[in-house]
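Comments concern the structure below.
The values are calculated or read from the model by the stated rules, or taken from the named source; none is laboratory data. Every value quoted in this text rests on a predicted model; they were computed, and no experiment measured them. No Cβ is skipped: glycine too gets one built from the backbone with ideal geometry, and neighbour counts run over all protein chains shown.
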Amino acid sequence: MQLALYNAPMKRLGIVGGTGPESTIEYYRLLQAKYRERVPDGSSPHLVINSINLQGMLDLVAANRLAELADFLAAEVNRLAAAGADFGLLAANLPHIVFDAVQSRSKIPMISIVEATFERAKALRLKTLGLFGARFTMGGDFYPRLSSKYAIKIVVPELSEQNYIHEKYFGELMRGSVVEETRRGLLAITDQMIQRDQIDGLILGGTELSLILKEPSHHGIPFLDTTKIHVDAAINTMLEQKGD
């Protein structure tokens, strides 16, 4: 059965990357590793990567020009479709602020990092999730908007904690810098949220966060590594037979 599946025409994944250069590299590494776990014959997955200008995306978000952001990202997804991608993903949490609008304009189906993360949380029977990420992610509605669908509560850090996370995210992690003091600071905020908000899981809602919070859990609560979760969903789709 498995041999027949793997010998079927494979779906080609298209990735809009560059939205966090370090995490785009991590996406590629994890996709290769996960594929080889599932298909141990020495072959590699079919991928197309479109690396975009991060600063251009951030400028649109900061100016709240979300309609333009959706048009911009949809155009980049459709470049992947033109290059032969059968389905696609946005390799970061932040651009999911306009995911629905991008999907509606896309010529290929898209895998949402938010949906995939909620599905994982549901499978783990989690009920109250903390959310770390860039300020735009923690303050956005794209995670809370889906929370009622899954009967899962989303809790964000307090404002001072958000400011700390955002500063370290863009000042260090987005530049490829992993600082032990920052790791301890993030874990201290996690401990505060466990006590204050009774969270039973933590969403690493910035794909660079998994570069510094590498543990699968902390003080009994699982870390939901959105990069790994997104990759798992992509591999599952890739290995579906084309035409299904």
Can you tell me how many residues within the stretch 84-94 are at negative phi and surrounded by fewer than 24 Cβ atoms within 10 Å (Cβ to Cβ)?
2
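Taking the stated definitions as given, is Ala81 over 21 Å from Ser51 (Cβ atoms), among the aliphatic types (A, V, I, L, M) and in a helix (DSSP H, G or I)? Even if it seems obvious, please write down each step before you answer.
Values: over 21 Å from Ser51 (Cβ atoms): no; among the aliphatic types (A, V, I, L, M): yes; in a helix (DSSP H, G or I): yes.
No: the conditions fail for Ala81.
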When residues of the stretch 60-78 are filtered for being under 11 Å from Val98 (Cα atoms) and part of a helix (DSSP H, G or I), how many remain?
10
Looking for something within 17 Å of Phe142 (Cβ to Cβ) and outside the structural domain of Arg135 (by TED's automatic domain parsing) - is there at least one such residue anywhere in the stretch 27-36?
no
Any idea which residue in the stretch 189-244 is surrounded by the most Cβ atoms within 10 Å (Cβ to Cβ), counting only those that are small (Gly, Ala, Ser) and in contact with a Ser or Thr (Cβ under 6 Å, 6 or more places away or on another chain)?
Gly205
Pairs returned, first residue in the stretch 163-180 that is in contact (Cβ under 8 Å) with a residue 12 or more places away in the chain and under 13 Å from Leu211 (Cα atoms), second residue that is in a helix (DSSP H, G or I) and of a type in the set (Asp, Glu), beta-carbon separation under 6 angstrom, 6 or more apart or interchain, are Gly176/Glu22
Taking the stretch 25-41, which residues are in contact with a helix residue (DSSP H, G or I) (Cβ under 8 Å, 6 or more places away or on another chain) and either surrounded by fewer than 18 Cβ atoms within 10 Å (Cβ to Cβ) or aliphatic (A, V, I, L, M) (or both)?
Leu30, Leu31, Arg38, Val39, Asp41
Answer yes if at least one residue in the stretch 226-242 is in contact (Cβ under 8 Å) with a residue 24 or more places away in the chain, in a loop (DSSP other than H, G, I, E, B) and on the phi > 0 side of the Ramachandran plot, and no otherwise.
no
Failed condition for Ser148, given (1) under 29 Å from Arg12 (Cβ atoms); (2) loosely packed, with under 14 Cβ neighbours inside 10 Å; (3) of a type in the set (Ser, Thr, Tyr)
(1)
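Please enumerate the residues belonging to the stretch 37-52 that are farther than 18 Å from Leu89 by Cβ and either among the hydrophobic types (A, V, I, L, M, F, W, C) or not in a helix (DSSP H, G or I) (or both). Spell out the reasoning first.
First pass over the stretch 37-52, keeping only residues farther than 18 Å from Leu89 by Cβ: 37, 39-43.
Within the stretch 37-52, Val39, Pro40, Asp41, Gly42, Ser43 meet the criteria.
Criterion first (closer than 21 Å to Leu213 by Cα and either in contact (Cβ under 8 Å) with a residue 60 or more places away in the chain or within 17 Å of the chain's Cα centre (by Cα) (or both)) does Phe142 satisfy it? If you could, list the steps in order and put the result at the bottom.
On the way: closer than 21 Å to Leu213 by Cα: no; either in contact (Cβ under 8 Å) with a residue 60 or more places away in the chain or within 17 Å of the chain's Cα centre (by Cα) (or both): yes.
When the stated conditions are applied, Phe142 does not pass them.
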